[in-house]
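Undergrad: This is the structure I want to talk about, given as structure tokens.
The values are calculated or read from the model by the stated rules, or taken from the named source; none is laboratory data. From a predicted model like this one, the values you see are computed outputs, not experimental measurements. Cβ coordinates were reconstructed from backbone atoms using ideal geometry, including for glycine residues, and neighbour counts include every protein chain displayed.
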Amino acid sequence: MFLHMPTDVVVSGDMAYVADGPYGIYIFNITDPYNIPGVYSFFDIFTNVTALWVQGPNLYVVENIAGGPITTCLYVYDISDIANEILVGSESVDAQFYDIFVDGDIAYTSDKDWMIVYNLSDPTNPFFPPFAWTNGESYGAWGFGPYCISADSFEGVSLVNNTDVNFAPIISTYSDATSALQVSTHGDYTYVANKTSLIILRHFESAGATFIPGTQIAQSTEIDSTDLMIYNATLDSVDFIPDGSNINYLMSADAGTHWEAVIPGVKHIFANPGNDLRWHAVIAGPSDRSSHIYEIEIDYDYNEPPSEPTLSDPGDVSEVSSVMINWTASTDDGTIDHYELQVDNETSFATPFDSWNTSDLSQVVSDLTSGTYYFRVRAVDNYGLPGSWSDIVDLDIDISAINIPWWAYVIAGGGLLLIIAIVVVIVVVRKRKVVTR
């Protein structure tokens, strides 16, 4: 594949996001790294994009704009749909950004003259608090617990305390890395790209010093905002667990109302599905070395609602008190559990006076009196998620128009006349007997 001036790349799931200087950002599908099918998506509104970072549903982008008036340099995109990225927030600042590292609600951005710490608690309104920056050049940044490590071309590698996001002082410097351009940490080590060499630094007061005996908890906020039901998910983790320690992972699909234990790498079917997915980790152990969670990746499926069934029109007028209502089958990504049929004498269905749940595609409706009735039906899947209601059909019932057979009159009304006639005949006969005497 051909790129003009690639400056940064970050991989998230099956997608690779590549910054290509003044040409924009390319997104590649790398499901098969040996057969990349070309550009999946591309957007080019940038002047000179230098670095990017992906966290959750958001893509964070910075630019390097030399001098001039204050210009937007930090962008936040919602990439829930990577084929339709949406700009949700930005920040204008006079800066020449070289790198960005996002850790939770904090972004570390390397500028030529300083390092700025951004507050991203609201991605639509990123900002840097007063004094949330450090003096000295910064070409690379990386977060490490409550600290940030900045690669300074002239001053070396600096360790910045970011416990208070309103104040970020430098607490230690490795001055021998005088050509540091990029930095990354892993475990108890920092790796520095020092232009002509690789420098590896050991953290003597990092992981061990941050260990707290007992049980600790890490927990996410809502991973994805959706109205669709999430019924299974697979959690994968990149972590470090010292001997004697352990990390137990849990997930919830209903905003933490029910936490369910999961095994990393194994698909979990939720006993309590919902539309608010979160993860939870319980870290425990007597070790003097801290456990580390470097990365959490979750694959999950939405439960699509069943398709809308088509209700057959039973006719305009019926002269019987019972009718068969029919409809077509719905489709679903899972299994249809049942259909819900409602009947009412108003199209609003505010208070349906009868309803039925059935697994069949028809339902006999009986004991109808004269009037106009409205019907609608919908499918419900095996997770209790209903689909859309069908179009409403109406039915007119006119019991008075029913044709009554002649023998019904004989039984219902004619019988009384016959009895009266018989009585009259008997009376007449008795009178004649009296006269003849």
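Undergrad: Please go through segment 139-157 and give me each residue that is more than 22 Å from His292 (Cβ to Cβ) and at pLDDT below 85, ordered by number.
TA: Across segment 139-157, the qualifying residues are Asp152, Ser153, Phe154, Glu155, Gly156.
Undergrad: I need the full set of residues from segment 214-241 which are β-branched (Val, Ile, Thr) and in a strand (DSSP E or B), in order please.
TA: Once the filter is applied, which keeps residues that are β-branched (Val, Ile, Thr) and in a strand (DSSP E or B), segment 214-241 yields Thr215, Ile217, Ile230, Thr234, Val238.
Undergrad: Pick out, from segment 1-97, the strands (runs of 3 or more DSSP E) lying fully within it that include 3 or more residues that are assigned by TED's automatic domain parsing to the domain that holds Tyr139, on the phi < 0 side of the Ramachandran plot and surrounded by fewer than 16 Cβ atoms within 10 Å (Cβ to Cβ).
TA: Output list reads 39-43, 86-93.
Undergrad: Let me ask something additional. Which ones in segment 349-392 are over 13 Å from Pro305 (Cβ atoms) and among the hydrophobic types (A, V, I, L, M, F, W, C)?
TA: Phe349, Ala350, Phe353, Trp356, Leu361, Val364, Val365, Leu368, Phe375, Val377, Ile392
Undergrad: Same structure, new question: Look at segment 273-295 and say how many of its residues are within 29 Å of the chain's Cα centre (by Cα) and either modelled with pLDDT under 90 or at positive phi (or both).
TA: 9
Undergrad: What number of residues in segment 105-122 are in a loop (DSSP other than H, G, I, E, B) and buried (at least 19 other Cβ atoms within 10 Å of the Cβ)?
TA: Matching residues across segment 105-122 total 1.
Undergrad: Every residue in segment 210-250 that is among the hydroxyl-bearing types (Ser, Thr, Tyr) and within 25 Å of Ser121 (Cα to Cα), please.
TA: Thr210, Ser220, Thr221, Ser225, Thr226, Ser237, Tyr249
Undergrad: Please work out which one of (1) under 30 Å from Ser388 (Cα atoms); (2) surrounded by fewer than 16 Cβ atoms within 10 Å (Cβ to Cβ); (3) modelled with pLDDT of 80 or more is the condition Thr226 fails and give its number.
TA: Condition (3) is where Thr226 drops out.
Undergrad: If only one of Val343, Val364, Val380 is closer than 30 Å to Thr226 by Cβ, in a strand (DSSP E or B) and outside the structural domain of Glu222 (by TED's automatic domain parsing), which one is it?
TA: Val380
Undergrad: So Trp356 clears everything in (1) modelled with pLDDT under 90; (2) part of a strand (DSSP E or B) except one condition, right? Which one?
TA: (1)
Undergrad: Within segment 340-392, work out how many residues are without any contact (Cβ under 8 Å) to a residue 60 or more places away in the chain and touching a Gly at 6+ places or on another chain (Cβ under 7 Å).
TA: Final tally of qualifying residues: 2.
Undergrad: Also, quick follow-up: Any idea which residue in segment 234-291 is surrounded by the most Cβ atoms within 10 Å (Cβ to Cβ), counting only those that are more than 18 Å from Thr221 (Cα to Cα) and of a type in the set (Lys, Arg)?
TA: Arg289
Undergrad: Testing Tyr174 on (1) at pLDDT 85 or above; (2) buried (at least 16 other Cβ atoms within 10 Å of the Cβ), one condition comes back false. Which one is that?
TA: (1)
Undergrad: Looking only at segment 17-33, count how many residues are farther than 8 Å from Val49 by Cβ and among the charged types (D, E, K, R).
TA: 1
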